[in-house]
Amino acid sequence: MSAESTPEPGIPESGSSRSRHRRTRKRSKALLITAWTAAGIVVLGGTGAGYVYFKLNGNIKSVDINQALGTDRPTKADNGSENILVLGSDSRSGSNEKLGGGADDGSARSDTAMIVHIYEGHKTAGVVSVPRDTLVDRPECTGTDGGSHPAANGVMFNSAYSTGGAACAVKTVESLTGLRMDHYLEVDFSGFQKLIDELGGVRVTTTKDINDPQSHLDLTAGTHQLTGEQALGLVRTRHGVGDGSDLGRIQLQQAFVKALVEQVKQIGVLTDPTKLYGLADTATKAVTTDSDLGSVNSLVSFANGLKGISASHMTMVTMPVQYDPANPNRVLLDKTKSQLIWTALKNDDPIPKSATRQTATGKANDVITTP
């Protein structure tokens, strides 16, 4: 729904119009992209049918990726498909300092990274999680301070963000995949936690006990309505379950995102204008976008075009990697299998199952289920 056709707050609609808008809101389905940003985009996706259109532009932070990277980039697809880089930032500064463990060291890293491919027709999507501990070749980047950083080989993937911010992260992903990132979305610790609390929590079932003092998470096996703080601990835990690797954390994140989508579809927030505004206000404060999405109207238009995508229409995989024999805390890109994914997405084809066979996994795939 466009801004022009959205009723002003406090102005009643006719009965038939109310019913029509209510049906439209209930049909709206959330965009699933990441354990962090999903919360914000779920809100934006649902409210694209109604009230997100309030004067929230001032909340949104944006980065001009196109200007920063220039024209030496992969070409845009011409079939209507889109690629979105979604990052969760683990900056320990400000309100993030006491969240999720760690100390304020003055830096920020991309704690979570997902490449989301929206297929032609915007009815299905493929999501590729990029392990933060993957050793990659980072291209030359211009830092957020304007300084130049030379290319580096064999560095952790998440160092691209700490080196040169959003633009460097996008440039590294484009270099790695050969795919043009059409959009960029980022959310931080405190924003994620507030969004989950605004939603009333998210219900998940754990098949095993999870105890990780580093992420402040202590859950017994069973069904839980996770608070924002618990949800943050869940999507960040790596030592409390599985093999202690980042790959296990990614499996938990993907399971949580699916639970989050199902939760939003059931709780009925889209029919409560007051709660809807609170969610929209929190979401727009939580996200940083590329400049093309840097306004409420742009976000509404973008999310409204994705409302047909549900969890059942998404394929979620982890970028194919192998454990680094020289360092158990690092993983190495499986270039052959990864190329199968990048080629499929470039051609707007489904991700082949063969791309993830016999690759490293985190052994936490069955720890989280939806009730």
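The values are calculated or read from the model by the stated rules, or taken from the named source; none is laboratory data. Only a predicted model underlies this, so the values are computations on that prediction, with no experimental measurement involved. Every residue, glycine among them, receives a Cβ derived from its backbone with ideal geometry; neighbour counts consider all protein chains shown. The accessibility values were calculated without ligands, DNA or RNA, using every heavy atom of the protein model including side chains. Shrake-Rupley method; radii C 1.70, N 1.55, O 1.52, S 1.80 Å.
With all protein chains present, how much of the accessible area of the stretch 314-353 (probe radius 1.4 Å) comes from carbon and sulfur, to the nearest whole percent?
Working: 1190 of 2230 Å².
So the carbon and sulfur contribution to the accessible surface is 53 percent.
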How much length is gained if the chain between Gln339 and Glu140 is pulled fully straight, taking 0.36 nm per residue apart and subtracting their Cα-Cα distance, in nm to one decimal?
69.4 nm
Would you mind estimating how fast the stretch 271-371 diffuses translationally, via Stokes-Einstein at 37 °C and 0.692 mPa s with the Kirkwood radius over Cα pairs, in µm²/s?
187 µm²/s
Specify the inter-centroid distance of the stretch 176-252 and the stretch 341-371, based on alpha-carbon positions, in whole Å.
19 Å
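Within the accessible area of the stretch 137-274, what % is carbon and sulfur when the probe is 1.4 Å and the other protein chains stay in place?
Numbers: 2240 of 5130 Å².
Accessible surface attributable to carbon and sulfur in the stretch 137-274 totals 44 percent.
Students often get this wrong, so check it: of Lys258/Lys353; Lys258/Lys285; Lys61/Lys335, which have C-alpha atoms separated by over 27 Å?
Working: Lys258/Lys353 20 Å; Lys258/Lys285 23 Å; Lys61/Lys335 35 Å.
Exceeds cut-off: Lys61/Lys335.
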How do the peptides 348-357, 331-340 rank, highest first, by the average count of neighbouring beta carbon atoms within 10 Å per residue?
331-340, 348-357
